[in-house]
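The structure under discussion appears below in the form of structure tokens.
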Amino acid sequence: MADKKLNDIEIGAILEAFVESRDVTVASINQSRTFKFLIVFINFYVLGFIIIYYFLRYNLLQAVDNGLMTEEFFIVFDGRAQIMFWSLVFINMGAYFNIGFRIISLIAIVYLSNTTVDNAVIFSGLVSFADRPYFSAFIVSRPIIIIAIAWMGLSYKNRLEVD
């Protein structure tokens with residue numbers, strides 16, 4: 001019987017056949033510096049506020065105004081923190097795999113616009129940097145993240161550039 005195992009020469013030939021197509025696919029999408037900056041900014045923004053939320057939630061960070069730290073507040077913001085985390089995951093996956101990035105960005109913009117209007121209507125009287133600095137920074141900086149996601153979605157290059 002013939003030996004059916006592949007030797008090193010045959011494995012090397014198979015890998016060489018696919019190395020050129022892999023290099024073209026991996027290195028051919030060159031995103032602009034603006035896009036790279038915005039995706040890093042959005043990642044740090046979302047993760048920073050999720051960390052601050054969980055620190056406040058589990059009393060690892062002293063809240064200036066304890067009247068705001070009610071169970072209803074935590075229920076609302078726990079859901080929003082989860083949604084923002086998963087939208088961040090999907091945005092990063094869409095950018096990495098080059099699939100549906102603009103659709104995911106559009107969904108995130110719609111969601112953020114909705115929550116920004118909700119926050120402005122419901123919590124407008126609670127914005128005070130002296131009494132509630134974390135909460136106020138979150139509310140005031142929300143439009144910045146909407147603009148950043150919209151700008152990132154517009155500056156995204158979703159096609160392979162062939163030389």
Single residue of region 59-107 satisfying the filter (surrounded by 11 or more Cβ atoms within 10 Å (Cβ to Cβ) and not in a helix (DSSP H, G or I)) that is modelled with the lowest pLDDT: V64
For N158: the one exception among (1) in a helix (DSSP H, G or I); (2) under 22 Å from F37 (Cβ atoms): (1)
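The values are calculated or read from the model by the stated rules, or taken from the named source; none is laboratory data. Quick caveat, the model's predicted, so the values are computed rather than measured. Backbone-built Cβ (ideal geometry, glycine too); neighbour counts: all protein chains shown.
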